[in-house]
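The values are calculated or read from the model by the stated rules, or taken from the named source; none is laboratory data. Here the structure is a predicted model, which is why all the values come from computation and not from measurement. Cβ sites come from the backbone with ideal geometry, for glycine too, and all protein chains shown count toward neighbours.
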Ligand SMILES: Nc1ncnc2c1ncn2[C@@H]1O[C@H](COP(=O)(O)OP(=O)(O)O)[C@@H](O)[C@H]1O
Ligand SMILES: [Mg+2]
């Protein structure tokens, strides 16, 4: 029996407007993501991977089109409702990692649990468990500033996992990792998909992750740029 | 039971954001407190020199306006600096309303602490002016509450935008 998609993008268009340019990233992008999908989005730098992830996570709004999460069009939700939806359904790791540098590993990973009102004892248990899984248990007391980029990447992934959300949205999770840690993270993600039935949406620029995906979306760098002075309806011309 | 738990969680969130807003920007916050306290001190000092009350004379009102201006510019700057962290919290599921409210508490804390230090310093250099100071205390507190508003508005508005809209403005 075919399942219903957990996330649907319908005819999504994204345009960035700067002072002198209009940059068209996607137009007419439609995509169905099912609960048991391990979707890998690949493409070169600037192809729009991060933009797409932000739209899926409700951190950015498309210029037009719909994004349905569990049947609800999130492009119309207020920021408060969006943050509640994220808290309920998604674990997110941004490309910029966005860890709080003054805090320790433990405190950073604990944050999503505080946002969800999880009581202290339960929080400690959950943080320790995820740090153990990701191999950072011994470094819980360290401040983020004192970690390597690779270790920070792992903290960012741990923070996305800690609430045990049904959907994981990870933007280039293996970007700063050495080959061994990359292998480890890939097998971890695979386990989350196979054994715990998580929906994974992951971007990458390398093949390795794409090899374990159930679905691959290849984004092409095909953004049109045209001067802002021209009307949007005017035929766009390629920048290169 | 469920709402009680929800409330406890919410109070903890507010407490967390507020204490970290104060703790994590130590230098910035100290500078803010120094600016606010010195403006309050000089206003009190001038008012006493001119022999006018802060809360019931034209000169007094203009001094109060000056204090409010200095404080609100300072607190606005503090709010601006805290935005990046608050945006991270938003991604992690803290709702914008809770974050803005907590940041407002941080700004009020800085304003009131600055004003108190300004008053204390004033009292130290002229111990006989306690009555004069008490007359102005209410107006000073009101000024600081008012001065926290622009910073609060900045945070509330920014957190109600999507990330891309913000980076475009940056
Ligand atoms: N806020 C923005 N304003 C204008 N252009 C942007 C903005 N964010 C991203 N872009 C542009 O959109 C394109 C896609 O960016 P991004 O989604 O980050 O790509 P990727 O993650 O695949 O490297 C790039 O050309 C980038 O310069
Ligand atoms: Mg990217």
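Hey, residue A:82 hits all of (1) more than 16 Å from ligand 2 (Cβ to nearest atom); (2) part of a loop (DSSP other than H, G, I, E, B) but one; which does it fall short on?
Looking at each condition in turn, residue A:82 falls short on (2).
Output the residues belonging to region A:32-50 that are buried (at least 19 other Cβ atoms within 10 Å of the Cβ) and in contact with a strand residue (DSSP E or B) (Cβ under 6 Å, 6 or more places away or on another chain).
A:33, A:37, A:38, A:39, A:40, A:41, A:42, A:48, A:49
Limited to region A:4-38, what total is found for residues that are within 13 Å of another protein chain (Cβ to nearest Cβ) and within 16 Å of ligand 2 (Cβ to nearest atom)?
Number satisfying all stated conditions: 4.
State all residues of region A:119-165 that are in a loop (DSSP other than H, G, I, E, B) and more than 14 Å from chain B (Cβ to nearest Cβ); if no residue qualifies, say none.
Hits for region A:119-165 are A:135, A:136, A:140, A:141, A:142, A:147, A:148.
Which residue, of A:162, A:212, A:202, is surrounded by 19 or more Cβ atoms within 10 Å (Cβ to Cβ) and more than 16 Å from ligand 2 (Cβ to nearest atom)?
Checking each option against the conditions leaves just A:162.
Take residue A:116 and decide whether it is at the interface with chain B (Cβ under 7 Å from one of its Cβ atoms), surrounded by fewer than 21 Cβ atoms within 10 Å (Cβ to Cβ) and farther than 18 Å from residue A:60 by Cβ.
Judged against the criteria, residue A:116 is a match.
Within region A:76-106, can you find the residues that are more than 10 Å from chain B (Cβ to nearest Cβ) and either under 12 Å from the mean Cα position of the chain (by Cα) or without any contact (Cβ under 8 Å) to a residue 40 or more places away in the chain (or both)?
Listed by number, the residues that qualify are A:76, A:77, A:95, A:106.
For region A:61-73, state whether one or more residues are facing chain B (nearest Cβ under 9 Å) and modelled with pLDDT under 95.
Checking region A:61-73: at least one residue is facing chain B (nearest Cβ under 9 Å) and modelled with pLDDT under 95.
Looking for something at pLDDT below 95, away from ligand 1 (no atom under 16 Å from the Cβ) and out of contact with any helix residue (DSSP H, G or I) (no Cβ under 8 Å at 6 or more places or on another chain) - is there at least one such residue anywhere in region A:133-141?
Yes, region A:133-141 contains at least one residue that is at pLDDT below 95, away from ligand 1 (no atom under 16 Å from the Cβ) and out of contact with any helix residue (DSSP H, G or I) (no Cβ under 8 Å at 6 or more places or on another chain).
Any idea which residue in region A:166-191 is nearest to ligand 2 (Cβ to nearest atom), counting only those that are farther than 20 Å from residue A:118 by Cβ and within 14 Å of chain B (Cβ to nearest Cβ)?
Of everything passing the filter in region A:166-191, A:171 is nearest to ligand 2 (Cβ to nearest atom).
Considering only residues that are more than 11 Å from every other protein chain (Cβ to nearest Cβ) and within 22 Å of residue A:60 (Cβ to Cβ), look in region B:76-101 and name the one that is surrounded by the most Cβ atoms within 10 Å (Cβ to Cβ).
For region B:76-101, the residue satisfying everything is B:82.
Out of everything in region A:57-75 that is touching a strand residue (DSSP E or B) at 6+ places or on another chain (Cβ under 6 Å) and in contact (Cβ under 8 Å) with a residue 60 or more places away in the chain, what residue ends up being farthest from ligand 2 (Cβ to nearest atom)?
Among those that are touching a strand residue (DSSP E or B) at 6+ places or on another chain (Cβ under 6 Å) and in contact (Cβ under 8 Å) with a residue 60 or more places away in the chain, it is A:68.
So which residues in region A:83-110 are under 16 Å from residue B:162 (Cβ atoms) and buried (at least 18 other Cβ atoms within 10 Å of the Cβ)?
A:83, A:85, A:86, A:90, A:92, A:94, A:98, listed by residue number.
Kindly check whether there is at least one residue in region B:117-130 that is in contact (Cβ under 8 Å) with a residue 60 or more places away in the chain, closer than 30 Å to residue A:100 by Cβ and not in a loop (DSSP other than H, G, I, E, B).
yes
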